[in-house]
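Here the structure comes first, spelled out in structure tokens, and everything after it is commentary.
The values are calculated or read from the model by the stated rules, or taken from the named source; none is laboratory data. Computed from a prediction, not measured in an experiment: that's the story for all the values here. Methodologically, a virtual Cβ is constructed for each residue, glycine included, from the backbone with ideal geometry; neighbour enumeration extends over all protein chains shown. Note: areas computed on protein heavy atoms with side chains; ligands, DNA, RNA excluded. Shrake-Rupley method; radii C 1.70, N 1.55, O 1.52, S 1.80 Å.
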Amino acid sequence: MSDEKLVGIVLVSHSAEVASAVAELALGLVGGGPAVPVAAAGGTEGGGLGTSAELITAAAASVDRGAGVAVLADLGSAVLTVKALLAEGDELPDTARLVDAPFVEGAVAAVVTAATGADLDSVEAAAAEAYGYRKV
Amino acid sequence: MLDADFFRRWMTATAASVDREADRLTALDSPIGDADHGSNLRRGFTAVNAALEKEAPETPGAVLVLAGRQLISTVGGASGPLYGTLLRRTGKALGDAAEVDEERLAEALRAGVDAVMQLGGAAPGDKTMIDALVPAVDALPDGFGAARAAAEQGAEATTPLQARKGRASYLGERSIGHQDPGATSAALLIAALADTGADAGGE
């Protein structure tokens, strides 16, 4: 399993701290599994709140192991920028897709599922299922 | 006929207008947004200007595709992918023709506006840039001046609307009574097109 290609995860938030903290949280919940490639793309290149297309494309390239890249985004420009980059056609890995999921819960589900060696469809399904988890 | 130079001047005129009006756009974005619309668009169109000078694209379509790419990369807020998609799709719809007529531009711009509506999920009446762009495209067959007037009226008509998209939508009824900053900047884009057309002796 150690040489298995794992799905990569990109976490896009308006805030660098949110993106990196959610990555840390999700990886912390994996336990002893293989190291899932996770990259945070938070905030603008200048360190402010917002979205950077450059940070997103770099993050996606860095987690691409050939098994697909699942991108999760928080709000507004983060979602729209990922969609616009996907529409460009040559900015993100061919296998990259925007996953429709709640950011924190979806990231945990995606990373834990990716750690099992699951394929991109399974990772996407697990992340999307997080919408169904009611807290009250 | 409109050549690459016309489209480059349209982008330059938009950049100048955004630069002049940046403070007003940000002021409009303060009560209902996150108060960065003017500064974000200024950063984006400054990058557009720099890219157009450096790369000198040779067709109308290439000018708009390059401009759109710069906006997606540099704006940092939702207006980047939205305006970037508008210009890129319009540019792609123009193809690689060396010159286009006004009818072809109108058709291409409609394709661009449709792409923006698809990307953002917004429809007319949602208090967004669409409320200026759709009337402008509808009026474009009557000339650039008609499109400018329609865009400005469309932007002003967003004031009594309740926002249903973006950051302003969280405010619910409190978004009523404020002109939408995105519709306002969209009207600047169309006004710059009209100015460029007038300078070219079109109207």
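Data table
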{"item": "Members of the stretch B:72-96 that are within 9 Å of chain A (Cβ to nearest Cβ) and not β-branched (Val, Ile, Thr)", "result": "B:Ser73, B:Gly76, B:Gly77, B:Ala78, B:Ser79, B:Gly80, B:Pro81, B:Leu82, B:Gly84, B:Arg88, B:Arg89"}
{"item": "Qualifying position, being over 15 Å from the mean Cα position of the chain (by Cα), of a type in the set (A, V, I, L, M, F, W, C) and under 30 Å from B:Val113 (Cα atoms), among A:Leu86, A:Leu98, A:Leu49", "result": "A:Leu49"}
{"item": "Complete set of residues in the stretch A:54-100 that are farther than 27 Å from B:Gly112 by Cα, open to solvent by less than 10 Å² (accessible area, probe 1.4 Å) and either within 11 Å of chain B (Cβ to nearest Cβ) or assigned to a loop (DSSP other than H, G, I, E, B) (or both)", "result": "A:Gly68"}
{"item": "Among (1) on the phi > 0 side of the Ramachandran plot; (2) touching a Phe, Trp or Tyr at 6+ places or on another chain (Cβ under 6 Å) - the single one A:Asp74 does not satisfy", "result": "(1)"}
{"item": "Among (1) among the aliphatic types (A, V, I, L, M); (2) out of contact with any Ser or Thr (no Cβ under 7 Å at 6 or more places or on another chain); (3) within 19 Å of B:Ala183 (Cα to Cα), the one test that B:Leu94 misses", "result": "(3)"}
{"item": "Complete set of residues in the stretch A:28-48 that are crowded, with 19+ Cβ neighbours inside 10 Å and of a type in the set (A, V, I, L, M)", "result": "A:Val36, A:Val38, A:Ala39, A:Ala40, A:Ala41"}
{"item": "Residue list for the stretch A:113-127, restricted to those being out of contact with any helix residue (DSSP H, G or I) (no Cβ under 7 Å at 6 or more places or on another chain) and in a helix (DSSP H, G or I)", "result": "A:Ala115, A:Leu120, A:Asp121, A:Glu124, A:Ala125"}
{"item": "Whichever residue in the stretch B:56-68 is modelled with pLDDT of 95 or more and open to solvent by 10 Å² or more (accessible area, probe 1.4 Å) and, among such residues, is nearest to the other protein chains (Cβ to nearest Cβ)", "result": "B:Val65"}
{"item": "Given (1) open to solvent by 50 Å² or more (accessible area, probe 1.4 Å); (2) part of a loop (DSSP other than H, G, I, E, B); (3) farther than 21 Å from B:Pro81 by Cα; (4) free of Cβ contacts under 8 Å to residues at least 60 places away in the same chain, number of the condition B:Thr159 does not satisfy", "result": "(1)"}
{"item": "Every residue from the stretch A:36-53 that is touching a Leu at 6+ places or on another chain (Cβ under 8 Å), in a loop (DSSP other than H, G, I, E, B) and more than 9 Å from chain B (Cβ to nearest Cβ)", "result": "A:Val36, A:Pro37"}
